[in-house]
1. Does Arg431 satisfy the criteria of being surrounded by fewer than 20 Cβ atoms within 10 Å (Cβ to Cβ), more than 35 Å from the chain's Cα centre (by Cα), modelled with pLDDT of 80 or more and within 12 Å of Glu366 (Cβ to Cβ)?
2. In the stretch 204-223, which residues are in a helix (DSSP H, G or I) and at pLDDT below 75?
3. Taking only the stretch 389-401 into account, find how many residues are free of Cβ contacts under 8 Å to residues at least 60 places away in the same chain and either more than 42 Å from the chain's Cα centre (by Cα) or open to solvent by 20 Å² or more (accessible area, probe 1.4 Å) (or both).
4. Given the residues Gly159, Gly178, which is the only one that is at pLDDT 90 or above and not hydrophobic (A, V, I, L, M, F, W, C)?
5. Tell me, which residue of the stretch 192-222 that is among the hydrophobic types (A, V, I, L, M, F, W, C) and open to solvent by 40 Å² or more (accessible area, probe 1.4 Å) is farthest from the chain's Cα centre (by Cα)?
6. Of all residues in the stretch 142-195, which are farther than 19 Å from Val211 by Cα and outside any helix (DSSP H, G or I)?
7. Please determine whether any residue of the stretch 25-48 is closer than 24 Å to Tyr299 by Cβ, outside any strand (DSSP E or B) and open to solvent by less than 30 Å² (accessible area, probe 1.4 Å).
8. Does Ala335 satisfy the criteria of being modelled with pLDDT of 65 or more, among the small types (Gly, Ala, Ser) and in contact with a helix residue (DSSP H, G or I) (Cβ under 6 Å, 6 or more places away or on another chain)?
Amino acid sequence: MRLIQALVPSAVRDDVLFALDTEGIDYVTLRENTDGEDNVIVQFPLPTQAVEEVLETLEDAGVDDKFIVVSSIETARTPGLESLEERFVSGSESDDSIFYEEIRTRALNMTPNRLTYYAMTLLSAIVATAGLLLDSPAIVVGSMVIAPQVSAALTGTVGMVLNDRGMIVDGISSLVGGLVAAMAGAFAFAWLLRSGGIVPSTIEITAIHQVSTRISPDLLSLIIGICAGAAGAFGLATALPVSLVGVMIAAALIPAAAAVGIGLAWNAPLVAAGAFVLLTINAASIVLSGLAVFWYLGYRPGDWVPGDLGQNLTRDRLGAIVPAVLVLSLVCLLAGGVLFHHVSFENDVNEEVRTALDDPEYDRLELVDLRTEFVGGDLASSYEVTAVVRRPDGVAYPDLVPTLEDALEDRTGRQIEVTVEYVDRDTGTDRGDARLDSASRHAVDRGMLGMRGMPGMRGMPGTPGTQGV
């Protein structure tokens, strides 16, 4: 619910009041003669969804925007308010969108001061780093709740759609600065953990599930970024709450930034590069998808002239929004090229592994899961493929790893490390009844370096040389 207060010059007083009566709006008037003229202030409550249309009606009646106040109220009671709610909230003219000046104010009000913004960013990055290293989804989610990146992302996006140069610069610079601070904070915290021996320096960070899922950008990662930006735009541009949307935007940014810091602290540049690609894709897609949603909802710069392309594409307007859009589009294209490369690589791996397992020698094996680890895009020279297969209890397949490695390297032209994780089943039981016991019935074969061991000990010194147990 909104309360409108508008200063109405005496010359157009009758026209304005007639327009309000025509719309069925109940109002009160207050005399105002500060400047010596016999003006009035008109006050009336409105459903949030009706604000934009009614203000356009006032403008057509002769009211300028020199003194118009739109404030939030909890409730109101007037004779005609119920009919307005039926018309604009649940009727044929229902629309959740809010007045474009209000969307600007909401975006600016979301932005905390710099000290609060960067302090909360560092805290969220530290929590995310701890959650990734502990492999704890709950802690990672907690880091998303306190991350303030939604304000910067939406401020920059609103600035673009409203052609507000100051908002564009403040929003984009805060978003980039916050992510740099998150990566630096995650690196410093992870380095302290490793140097202090709190987390063993010999641990293979890519074996941690919460880390490995943040260093392999794929199509689903791009979809997450797009949906996060679109949800943020819908939340800000409508009467819906936007608080929960911030968690979604942080989910696409903070864990990836923490993974960059972990990769640098563990001297794993390809891990850091893979996470950075994911972070870049998500950040750019959030802003661009938010811009597309705002434009779809009808938000335009205040001096926008519908249907007049030449007047709209002025140098001032192009100078504010085009560079930002071009940079973001270039980032998406470059990151999209890396993403396309990875998707093609994954498709080749999936096809080749299934083809190899179709050989009669492996007809008793069942493919359970297939994972491809991707780090660093075209900068990477090696890849890791993990195949989880179910086998008869105790049956060894010593040639499977080299067979898969040779087939994949011939297909892709890349050096590939293959890990085969076996899930044993009793030979006398049906496949659907096979049980997994990670302590006694789950074995791992690794290729490339001849490393074989139990899950959770990948890359650790002293790994037993047995194929299984």
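1. Values: surrounded by fewer than 20 Cβ atoms within 10 Å (Cβ to Cβ): yes; more than 35 Å from the chain's Cα centre (by Cα): yes; modelled with pLDDT of 80 or more: no; within 12 Å of Glu366 (Cβ to Cβ): yes.
Criteria not met by Arg431.
2. If we filter the stretch 204-223 for residues that are in a helix (DSSP H, G or I), which is where we start, we get 205-207, 209-212, 219-223.
Leu219, the sole residue that qualifies.
3. Filtering the stretch 389-401 down to residues free of Cβ contacts under 8 Å to residues at least 60 places away in the same chain leaves 389-393, 395, 397, 399-401.
From the residues that got through so far, the ones that are either more than 42 Å from the chain's Cα centre (by Cα) or open to solvent by 20 Å² or more (accessible area, probe 1.4 Å) (or both) too are 390, 392-393, 395, 397, 399.
Of the residues in that region, 6 qualify.
4. Values: Gly159 fails: at pLDDT 90 or above.
Answer to the check: Gly178.
5. Restricting attention to the stretch 192-222, the residues satisfying the condition of being among the hydrophobic types (A, V, I, L, M, F, W, C) are 192-193, 198-199, 203, 205, 207-208, 211, 215, 219-220, 222.
Now restrict to residues that are open to solvent by 40 Å² or more (accessible area, probe 1.4 Å): 192, 198, 203, 207, 219-220, 222.
Working: Leu192: 28, Ile198: 31, Ile203: 29, Ala207: 24, Leu219: 13, Leu220: 11, Leu222: 8 Å.
Among them, the one singled out is Ile198.
6. Once the filter is applied, which keeps residues that are farther than 19 Å from Val211 by Cα and outside any helix (DSSP H, G or I), the stretch 142-195 yields Pro148, Asn163, Asp164.
7. Yes: one or more hits.
8. Details: modelled with pLDDT of 65 or more: no; among the small types (Gly, Ala, Ser): yes; in contact with a helix residue (DSSP H, G or I) (Cβ under 6 Å, 6 or more places away or on another chain): yes.
Judged against the criteria, Ala335 is not a match.
The values are calculated or read from the model by the stated rules, or taken from the named source; none is laboratory data. What you see is a predicted model; the values in this text were computed from it and never measured. Cβ: placed from backbone, ideal geometry, glycine included. Neighbour counts: every protein chain shown. Just so you know, the surface numbers come from the protein's heavy atoms only, side chains and all, with ligands and any DNA or RNA stripped out. Shrake-Rupley method; radii C 1.70, N 1.55, O 1.52, S 1.80 Å.
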